[in-house]
Amino acid sequence: MQADILIRGAEVIDGTGRTAFHADIEVIGAEITRVGQMPQAQARHIIDATGLTVAPGFIDVHTHDDWAVIEDPALACKITQGVTTVVVGNCGISAAPFAPRENLPAPFGIVPRVDTLSAPTVTDYARRVTEAAPAVNVRLLVGHSTLRANAMKDLDCPATPSDIETMARQLDHALTEGAAGFSTGLDYPAASAAPMDEVVTLARVLARHENALYTTHIRDEADHVIEAVREALSTAKTADVPLLLSHHKTCGTRNFGKSKTTLAMIDTARTDQDVAMDVYPYTASSSALLPHFAEAAPEVLIIWSTPHPDMAGRMLDDIAAEWGLTRNEAIAKLTPAAAVYFDMDDADLDRILQHPATMIGSDGIPGTPKPHPRLWGTFPRVLGHYVRDRALLTLPQAIHKMTGLSAARFGLKTRGIIKPGMHADLTLFDPATIIDRADFDHSEEVSHGITHVLVGGQITLQNGVQTGHRNGRFLHRA
């Protein structure tokens with residue numbers, strides 16, 4: 001049988017962490033059928049990969065693309081980075097199962113449209129994804145804050161036993177319908193009042209479902225980060241479920257260096273627990289504009305404000321000075337709003353990025369006037385800046401953190417590795433030139449060096465240009 005696509009003459013990094021090897025890759029339909037030397041092979045479409053590296057399609061394990069995959073299904077910000085699968089529903093907020101209501105607290109407002117659009121069940125959300133035919137595959141987590149908003153009138157208090165029972169029933173049903181796991185955002189007003197026991201009870205629901213995991217934006221990433229990591233580890237151990245610490249970091253000058261302690265805690269826990277992390281390759285975070293986040297950041301950049309949209313792109317301290325207000329008074333006047341917080345240390349980021357249990361996740365927030373550049377640049381930044389320019393990681397190590405490690409963590413059994421029988425989600429790039437171009441002044445610039453992207457055997461990006469093919473799928477947890 002003649003192949004549909006033949007990638008010829010590539011340096012293959014297969015996603016397992018092993019060193020590169022020279023090979024051709026044959027694709028028939030949505031599947032990789034052969035990997036090796038095939039000098040006589042022919043195909044309907046041949047990609048000359050001379051000088052290029054071929055890797056499994058990158059898996060962005062931490063996104064807020066819940067509605068972007070439906071309303072902007074071309075998803076240029078991901079495809080141009082080589083991303084072929086996104087995990088949505090992070091930090092406790094998810095598009096399903098959700099019944100939108102008014103006046104929800106942060107972080108609902110930072111995920112575009114999640115507070116106004118409704119997907120009452122995972123099945124309904126999966127149907128909408130299928131109808132939209134996004135360019136990328138979608139894996140869904142169920143958000144704790146979303147469940148709280150469904151079950152509770154007031155979110156600034158612990159849930160009652162009846163509330164928890166309602167949430168547990170919804171979570172169980174969502175997992176049965178194919179959700180990948182359960183996420184929390186305990187650092188946000190929507191869930192900060194939830195005690196550990198509430199979270200443990202819900203996390204125990206995961207144990208009934210194969211490959212379901214618990215992911216958490218921990219209760220504090222600044223002054224109490226050590227205590228918050230301890231709580232997350234204890235929650236997962238008590239519930240007996242796998243744990244993923246979202247966008248692990250230590251924020252605020254007085255907390256620089258605390259990653260040495262948190263990583264040591266994680267290493268100790270990993271002797272008898274299943275624990276992993278994700279990270280984005282920047283020393284600035286971005287989220288809702290909240291006083292306790294701003295307190296840890298010497299500099300804060302406003303990216304949008306509902307009552308004062310003209311303040312987007314300006315520094316918080318400059319706005320406060322202009323208005324004759326304190327920082328917190330200015331925050332109150334700008335809210336609801338979102339910001340970039342320059343609050344981390346390079347040495348902490350380096351340590352976390354190098355850790356063997358760390359995956360790559362952008363934490364990008366689409367649909368905002370001036371997004372954090374991680375939305376457009378995360379994966380090329382790792383490969384260009386941290387691999388090629390700084391040699392902090394080897395190329396096989398970095399690719400493993402974007403592919404094989406991520407696929408294993410999220411139970412994506414036919415993705416993340418290049419070998420026969422796997423889905424043909426593939427990314428081709430030039431290791432000599434790949435680099436991010438988005439920065440805080442020009443945050444939506446397309447990265448350089450990604451040449452081709454295949455999703456399910458369809459060429460979605462060709463010579464750096466999107467083809468219009470959108471072959472993404474909703475990926476049910478098996």
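The values are calculated or read from the model by the stated rules, or taken from the named source; none is laboratory data. All values reported here derive from a predicted model rather than from experimental measurement. Positions of Cβ are backbone-derived with ideal geometry, glycine not excepted, and every protein chain shown enters the neighbour counts. Side chains are part of the model used for accessible areas, which takes the heavy atoms of the whole protein and leaves out ligands, DNA and RNA. Shrake-Rupley method; radii C 1.70, N 1.55, O 1.52, S 1.80 Å.
Available extension along the chain between R169 and K237 is 22.3 nm, counting 0.36 nm per residue and deducting the alpha carbon span.
Sparse packing (at most 15 other Cβ atoms within 10 Å of the Cβ) combined with a DSSP loop state is found for the following trypsin sites (Lys or Arg not before Pro) in the stretch 232-271: R270. In this rough spin-label picture, where each label sits 7 Å from Cα along the Cβ direction, the E71-E131 distance is 1.6 nm. For the stretch 88-217, rounded, prolate or oblate, judged on the Cα gyration tensor with a ≥ b ≥ c (square roots of eigenvalues), a/c < 1.5 rounded, else prolate if a/b > b/c? It is oblate, given that a/c is not under 1.5 and a/b is not larger than b/c. Summarising the amide proton neighbourhood of R34: residues at separation of 5 or more, or on other chains, whose placed amide H is nearer than 5 Å comprise E26.
Estimated from helical segments only, the mean residue ellipticity of the chain at 222 nm is -7500 deg cm²/dmol, where each DSSP H run of four or more residues counts as -39500 (n - 2.57). The mean accessible area for residues of the chain, using a 1.4 Å probe and ignoring ligands and nucleic acids, is 36 Å² per residue. When the listed pairs K249/K401; K237/K260; K78/K413 are checked against a 19 Å cut-off, the alpha-carbon distance exceeds it for K237/K260; K78/K413. Considering only L301, S285, T433, and ranking their Cα positions along the charge dipole of the chain that arises from unit charges at the beta-carbon of Lys, Arg, Asp and Glu, the one farthest toward the positive end is T433. Across the stretch 52-60, rounded Karplus estimates of 3J(HN,Hα) from the backbone phi angles (6.51 cos²θ - 1.76 cosθ + 1.60, θ = phi - 60°) give 10, 9, 10, 10, x, x, 6, 10, 8 Hz, Gly and Pro being marked x. Name all residues of the stretch 1-42 having a backbone nitrogen under 15 Å from the label point set 7 Å from the Cα of D48 along its Cα→Cβ direction, giving them as ranges. Residues 6-10 qualify, since their backbone N sits under 15 Å from the label point. Rounded to the nearest whole Hz, the Karplus-based 3J(HN,Hα) values (6.51 cos²θ - 1.76 cosθ + 1.60, θ = phi - 60°) of the stretch 440-449 follow the sequence 6, 8, 10, 8, 10, 7, 6, 5, 10, x, with x at glycine and proline. For D4, the amide hydrogen comes within under 5 Å of the amide hydrogens of V27, I28, G29, R44, counting only partners 5 or more places away or on other chains and with H modelled in the peptide plane. A simple rule links phi to the HN-Hα coupling: the Karplus curve 6.51 cos²θ - 1.76 cosθ + 1.60 with θ = phi - 60°, which for the stretch 357-367 gives 9, 9, 10, 9, x, 6, 6, x, 10, x, x Hz, with x for Gly and Pro. Take every pair of alpha-carbon atoms less than 8 Å apart whose residues are at least six positions apart; their mean separation over the length of the stretch 77-149 yields a relative contact order of 50 percent.
Counting only protein heavy atoms and using a 1.4 Å probe, what share of the accessible area of the chain belongs to carbon plus sulfur, as a whole percent? Numbers along the way, then the final one.
Details: 8710 of 17080 Å².
Exposed carbon and sulfur together represent 51 percent of the surface.
Under a model in which nothing but the beta-carbon of Lys, Arg (+1) and Asp, Glu (-1) is charged, the chain shows a dipole of about 1180 debye around its Cα centre. Taking amide H as placed 1.01 Å from N in the peptide plane, L213 has its amide H under 5 Å from the amide H of G181, F182, each at least 5 places away in sequence or on another chain.
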